[in-house]
Amino acid sequence: MADIDVTHTCGSPVEHTLPATSNEPPAHVLQTVPDNASQSRSDSSKQKEVDFSHPSTINDPDVIFFVEFDEGDGRNPINFSVFRKWAITFTACGFTGITAAAISSYTMGFITMTRDLNCSTLQASVGLSVYALGFSLVPLLTSSLSEEFGRFRLYIISTLMFMLTQIMVALAPNIQTVIIARVLGGGFGSTGATLVGGTIADIWKPHERGFPMALFAIAAVGSTGLGPLLAGWIEENPNLHWRWIQWISIIVLNSLRSVTGLYLVGLLLFLKETRSDIILSRLAQKLRKEKNDERYRARAEIEKPGLTTLIKISSIRPISLLLTEPTVLSFSLWIGFTWGVLFCFIDSISGEMESIYGFSVGERGTAFISITIGSIFGWFANMYQERLYRKYVDKKGPEARLCLALVAAFLLPTGMFVYAWTARPSIHWIVPLIGLTIFMTGAFIIYQVVFVYLADCYGPYASSALAGQSMCRNLLASVFPLFTQQMYSRLTYKWANTLFALISIAMIPVPYILFIYGSAIRKRSKVSQKILVMAEEQALREKRSFTNALGTSTS
């Protein structure tokens, strides 16, 4: 049964606790002095007398019954069964993996796509770029929609629409239709990147989130290497080609007909709404209807701003933090450059393996498995990072999250150099792929570090800070493939990748500067100062709440 907090609509709260003998649902009660009262708020003897033992008997229209969860309430997402939690986690991460695989599997069909649609390779590459463009912009809107309508509806709508965009690509009569479908697919697929982290936070307690978040990261990054593994062999089959990359890879991985149908069934069977404020709002709405009493409310209905305000905040604040916060900007440019290079590699691995080693299309797709292997290595490295964090957090604060980022700063250019200088006929093909694996290990470490580091630094503004870096990262990822073919054509694979490595070397100081001076940089930040004030106020409220509860229990 849900708790019901009872409070006046105005005034400063004084906490009470209902006796367990009440026939009404157990409640934690807030009694306040109306603002229009002439009494001093500090004079508790002049507070309005209300019988809180039976909330339904209270006729005061200025009283609101706040609906809250009981401790252990099964409707509270944090109290879901372990089976349901893992079912939700795997289902949500499955969508992440599907959308990530669609990024790279698309590139494996370029040969027959350019032939059938009479387009250039550059035009086909635009489809790769605009997919990332959808990932960068749409989350600014969906984060607000999830607060207003909940996550479950967005999952269902996004999955259905993503399925339709994949069908649109498979049936496209020209490259313009493919490009439009890809930008829409990126937009709807971005739900897999933006909502899953929140879903995991909804159902797992902080100390339980490590493995589920790692699973999400593996799905988001590692699946990028799995898509081409299947798509390459589909493209090589003379009876299939690029359209069947959309139809067949969907059956196993991508999300169209069969698997998306099964996936949608999985959504309906296992995925439930996980935003607690949405669930409480629906419970309050149900109580209002059953009791014909408009005073039953969820706190979110009172405290949450309107949808227009939410959209405005979620659209402006991430950009503001990105442009005004040195920590967000520097880390965003670093990971943005890394993601841009990754998308260049996605666009060029196939061509490089063909021109240097004579790989067939299927073999070129298999080469992408190095991306997945590097992601797995990065995941194991981040397990060690957690140990380092626990060891140094008391001394370094949030900067303890950056220990392995200091190493990753060297892994990135090292992997690029190996990939650039060993891709030649006289050197076995496994060597440049080892370089690519080293690069991906560093990239995965940075991917995970940026989330936890910015979340620790910006607390209540973490979502906006992460949205800002995500927008920057995906915008750069959408730009890089547009010049990949021209750059490789003019500079050759060796020197183009060497240029990337040199730029990466220039960025090595980024994590070191933040590791050493991050705390000092944040002290000069207006946002960080505001966060500090908010933390102090929250600590003061918790202290008062504890004092009042202690006084009630001893009286």
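Is it fair to say Val252 is at pLDDT below 80, β-branched (Val, Ile, Thr), outside the structural domain of Leu436 (by the TED database) and under 27 Å from Met440 (Cα atoms)? Considered against the rule, which asks whether it is at pLDDT below 80, β-branched (Val, Ile, Thr), outside the structural domain of Leu436 (by the TED database) and under 27 Å from Met440 (Cα atoms), Val252 comes out as yes.
Applying the criterion of being under 27 Å from the mean Cα position of the chain (by Cα) and crowded, with 19+ Cβ neighbours inside 10 Å to the residues of the stretch 501-514, the residue that is farthest from Cys403 (Cα to Cα) is Ser504.
Filter the stretch 197-212 down to the residues that are part of a helix (DSSP H, G or I) and without any contact (Cβ under 8 Å) to a residue 40 or more places away in the chain, then identify the one that is most open to solvent (accessible area, probe 1.4 Å). Of everything passing the filter in the stretch 197-212, His207 is most open to solvent (accessible area, probe 1.4 Å).
Of the residues examined, Thr308 is one that is at pLDDT 75 or above, open to solvent by 70 Å² or more (accessible area, probe 1.4 Å) and not acidic (Asp, Glu).
Do the conditions hold for Ser370, that is, is it crowded, with 17+ Cβ neighbours inside 10 Å, under 15 Å from Ile434 (Cα atoms) and modelled with pLDDT of 90 or more? Quick ask: steps written out before the conclusion?
Values: crowded, with 17+ Cβ neighbours inside 10 Å: yes; under 15 Å from Ile434 (Cα atoms): yes; modelled with pLDDT of 90 or more: yes.
Judged against the criteria, Ser370 is a match.
Listed by first and then second residue, the pairs with beta-carbon distance under 8 Å, at least 6 apart or on different chains, first residue in the stretch 371-382 and over 19 Å from Gly227 (Cβ atoms) and in contact (Cβ under 8 Å) with a residue 12 or more places away in the chain, second crowded, with 18+ Cβ neighbours inside 10 Å and polar (S, T, N, Q), are Phe377/Thr437; Phe377/Thr441; Ala381/Thr441; Asn382/Gln448. Applying the set (1) β-branched (Val, Ile, Thr); (2) at pLDDT below 75; (3) under 22 Å from the mean Cα position of the chain (by Cα) to Ile302 leaves exactly one unmet item: (3). For beta carbons closer than 6 Å, sequence separation of 6+ or different chains, a first residue in the stretch 165-188 that is farther than 22 Å from Ala477 by Cβ and a second that is basic (Lys, Arg) and outside any loop (DSSP other than H, G, I, E, B), the qualifying pairs are Ala170/Arg243. The set of residues in the stretch 463-491 that are farther than 25 Å from Phe410 by Cβ and among the β-branched types (Val, Ile, Thr) contains only Val479. For the stretch 451-479, the candidate set comprises residues that are among the aromatic types (Phe, Trp, Tyr) and open to solvent by 20 Å² or more (accessible area, probe 1.4 Å); within that set, the residue that is modelled with the lowest pLDDT is Tyr461.
Listed here are the residues, each with its yes/no results for (1) modelled with pLDDT of 90 or more; (2) of a type outside the set (S, T, N, Q); (3) in contact with a helix residue (DSSP H, G or I) (Cβ under 8 Å, 6 or more places away or on another chain).
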site: Lys312; (1), (2), (3): no, yes, no
site: Ile316; (1), (2), (3): no, yes, no
site: Ile346; (1), (2), (3): no, yes, yes
site: Ser375; (1), (2), (3): yes, no, yes
site: Asn382; (1), (2), (3): no, no, yes
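With respect to the conditions (1) open to solvent by 40 Å² or more (accessible area, probe 1.4 Å); (2) at pLDDT 90 or above; (3) aliphatic (A, V, I, L, M), Leu482 falls short on a single one, namely (2).
The values are calculated or read from the model by the stated rules, or taken from the named source; none is laboratory data. All values derive from a computational prediction rather than experimental measurement. Using ideal geometry, Cβ is built from the backbone for each residue, glycine included, and neighbour counts are taken over all protein chains shown. Side chains included, ligands, DNA and RNA excluded: accessible areas come from the protein's heavy atoms. Shrake-Rupley method; radii C 1.70, N 1.55, O 1.52, S 1.80 Å.
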